[in-house]
1. Calculated from DSSP H runs of 4 or more alone, at -39500 (n - 2.57) each and per residue, what is the 222 nm mean residue ellipticity of the chain, nearest 500?
2. Please report the relative contact order for the chain, taking Cα pairs under 8 Å with a sequence separation of at least 6, and give it as a percent rounded to a whole number.
3. Obtain the nm distance between the two label points defined at Asp150 and Ile78 by a simple spin-label model: each point lies 7 Å from its Cα along the Cα-to-C-beta direction.
4. Once you have the alpha carbon radius of gyration of the chain, what is it after dividing by 2.2 N^0.38 Å, with N set to its residue count?
5. Nearest 10 degrees is fine. How inclined is helix 67-79 to the longest principal axis of the chain, computing both from alpha carbons?
6. Simple spin-label model, 7 Å along Cα-to-Cβ: Asp134 to Cys158 in nm?
7. In Å, the Kirkwood hydrodynamic radius of region 104-160 over pairs of distinct alpha carbons?
8. Just from the alpha-carbon atoms, what are the Rg and Dmax of region 9-103 in angstroms?
Amino acid sequence: MGSIMVTNRATSMGTDGVDLHRAVAGRLADHEQQYTANRRAVVDALAVAAAPITLPDLLAADDSLAQSSAYRSLSVLIDVGVVRRLVHLGDHALFELDEHLTEHHHHLICESCGIVLDVTLPDGVEAAMDLTFDDVASVLGFSPLHHSVDIYGTCATCTT
Ligand SMILES: [Zn+2]
Ligand SMILES: [Zn+2]
C-alpha cells in the first residue's frame, strides 16, 4: 500500500480546466441554469484552491468577485451539485468542488486553527474501508452508497 497523498486539485484536473467547465456547464444546463461569468469565476477559484476554502478566501482569490454575487453563485452551484458546503468546526463553512468533478478524498481538520487539508488514500485502503462499512451496515439492513470520513487533529503549524 502506498502512502497518503496530499492532493492538489489544480494539477489533478489539468491546467486549462476545459473538462471541468464543460462538466459544470452541463450540470447547470440540466437544471436550466446558465453558466454565468460569476459562477465560472467561483468554480475557477475553487478549482485552484488546494483545499476547501471559506467565502472570504474565495473573495480574496479573485478580486472581481463581490460577496453578494459570489454567495448567490455558491448557492446555485450547491443546489445543482457542483459545490459541496462543509461544516466541520463551529459555524465555519468551507466550500469545495463536488467529488464527481475532482476525486474522492478525505479531510484532515485542525482542531486548533480550523485549517482543512485534502488527502487521498491508497485504493486498497478505500476498498478495505468500503468492505468494512458494508459489513457493519448490512447488520442493520442498510445499503451504503458512499462514505465521508474526516480526520481531526493538530496541523503542522499548530504542533510546533
Ligand atoms: Zn492548525
Ligand atoms: Zn474514502
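1. It comes out at -12500 deg cm²/dmol, rounded to the nearest 500.
2. 24 percent
3. Modelled inter-label distance: 1.4 nm.
4. Details: Rg = 17.0 Å, N = 160, 2.2 N^0.38 = 15.1 Å.
That works out to 1.12 for the chain.
5. For helix 67-79, the angle is close to 50 degrees.
6. 3.6 nm
7. 13.0 Å
8. Gyration radius and largest Cα-Cα distance of region 9-103: 12.3, 36 Å.
Quick note: the coordinates plus some simple rules give every number you see, no bench work behind them. Not measured: the values here are computed from a predicted model. Backbone-built Cβ (ideal geometry, glycine too); neighbour counts: all protein chains shown.
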